[in-house]
1. Output the qualifying pairs, or none if there are none: Cβ atoms under 8 angstrom, residues six or more apart or on different chains, first residue in region 318-335 and assigned to a loop (DSSP other than H, G, I, E, B), second residue of a type in the set (F, W, Y).
2. Being more than 18 Å from the chain's Cα centre (by Cα) and either within 21 Å of K210 (Cα to Cα) or hydroxyl-bearing (S, T, Y) (or both) is the filter here; which residues of region 125-149 pass it?
3. Which is of a type in the set (G, A, S) and either more than 24 Å from M66 (Cα to Cα) or assigned to a loop (DSSP other than H, G, I, E, B) (or both), of A148, A189?
4. Select from region 5-56 the residues that are in contact with a strand residue (DSSP E or B) (Cβ under 6 Å, 6 or more places away or on another chain), within 22 Å of G434 (Cα to Cα) and modelled with pLDDT under 95 and list them in ascending order.
5. Out of Q423, Q403, Q388, which single residue is touching a strand residue (DSSP E or B) at 6+ places or on another chain (Cβ under 7 Å) and either without any contact (Cβ under 8 Å) to a residue 12 or more places away in the chain or not assigned by TED's automatic domain parsing to the domain that holds F264 (or both)?
6. Among the numbered criteria (1) under 28 Å from the mean Cα position of the chain (by Cα); (2) surrounded by fewer than 21 Cβ atoms within 10 Å (Cβ to Cβ), which one does A293 miss?
7. Could you say which residue among R416, R445 is basic (K, R), over 30 Å from K198 (Cβ atoms) and in the same structural domain as F59 (by TED's automatic domain parsing)?
8. Are any residues in region 324-337 modelled with pLDDT of 90 or more and either aromatic (F, W, Y) or assigned by TED's automatic domain parsing to the domain that holds G380 (or both), and if so, which ones?
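The values are calculated or read from the model by the stated rules, or taken from the named source; none is laboratory data. Given the structure is predicted, the values throughout are model-derived calculations rather than measurements. Because the Cβ atoms are built from the backbone with ideal geometry, glycine has one as well, and the counts that use them run over all protein chains shown.
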Amino acid sequence: MKNNPPSRQMSLIAFMQAQNCTNYVGSWRHPASMSDFMTPEYYQRIARTLEDGKFDMAFFDDRLAMPDIYGDDHRETVAHGVRCVKMDPSTILMAMAAATTKLGLGATYSTTYYEPFHVARLFGTLDLMTKGRMAWNVVTSLNDSEAANFGRDEHLEHDLRYDRADEFMEVVQGHWDSWEDDALILDKANDRFADPDKVHRLDHSGKFFKSKGPLPVPRSRQGNPVILQAGSSGRGMAFAARWAELVFAAYPNLEVGKKQYAYFKNAIAEAGRDPAQVKVAPAVKFVVGESEAHAQDKLALAMSTARPFDGLALLCEVLNVDFAARPYEKPFSDEELASISWHGLRDKVIAKSGKKNPSVRDFVEASGRGTVAEGPNFVGTPTQVADQMEEWFNGACDGFVIQALHTPGSYEDFVRLVVPELQRRDLFRKEYGGDTLRENLGLKRPQPRDWRRAQDALLAQKAKAV
């Protein structure tokens, strides 16, 4: 007799980087980390492990410059290996796709430094070539170093970036709607390749973009790539509520997580969307061992790989501020704080330090950037780790973004030790539910112009309320 699947299961996403380390800089120094990160085999090895563990997706974060804001110099960053290698993730995803058949694959592309047509065509093609397994992580980028690499004098102001990103999304979604599902005919005998009445021009003309169309890429079996987003500021969460289908969260603890989860799900509903069709997954570091003592030993080894410069370089990168030119104890003024690029991290430091105007020291200590202390951390035996995951899953999230402290061992440990315990508790699948990323995430396949109808309905509802 076939058992009915549980009504709700976790989503598991691996947090990847196309660089010399994971998101934890010290990982490259770990004695068990592989060093062939410039080869396809490195990423394919991880991809096969994740697919064996039935992960939903491997997702790549990205920046468009190495962390060189500290002291306005890249030399120390290169010397210490602080994320100084940054390859294009979309190319690496194709190598991983060739080694897998079910694993979802996500890449980060910026709405500030790319064009909508480029992104629509790239990700539409990737979705076809992976048979419906692609996701696009939408970011607005962070700092002046990225701006300089694209010929700009400075990075766009925070809210203006999101205004641009909103229109960017409208153009990309519009291009993905170019082809109706049944537009292709492929009738060789009668010379009918496709129905021209089912292929549409966009003719967009807005504040930031003009784009004609139609996109020369037909729709994939999952409709279009899944939209990922990680906005943590008020403006960023509003953007995510409007567009995202999977949101990466940053919770300092369970109590805050429950509040943010409820708040965000409500924001999705207010944006006229179904909260059940948007997954929320906090990023968490995992250290698991056959015994609690073994797990603590692993944690201590990972912690020993951090260096003081790591945090300074990474903070300058994400805040777009040069700490090298500033006294360590001097508080930031209100004006200086307002100019900081990453509002979410700034607000986190203010809250955690209890200071309205924190100093460089406060940013280093309260953020934990570049160290294992930048939590949360789930550490222990498979049972202990699964207990923590289950507690968070019941009220604070729909799944987890798994951060590795070394590669490929962190992922191998998780798949070997934690996944079977989650499966035993009926919290995670034993087999993939489908072939596309949407199917495995439990997301509906969008029809052309679904997003536009939802936006029009929301605008009509707001107008009626007024």
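1. Taking only residues 6 or more apart or on different chains, the pairs are N320/W342; D322/Y70.
2. T125, T130, S145
3. Within the list A148, A189, the selection yields A189.
4. Passing the criteria: none in range.
5. Q388
6. (1)
7. Selected residue: R416, the only one of R416, R445 that is basic (K, R), over 30 Å from K198 (Cβ atoms) and in the same structural domain as F59 (by TED's automatic domain parsing).
8. Listed by number, the list holds a single entry, F332.
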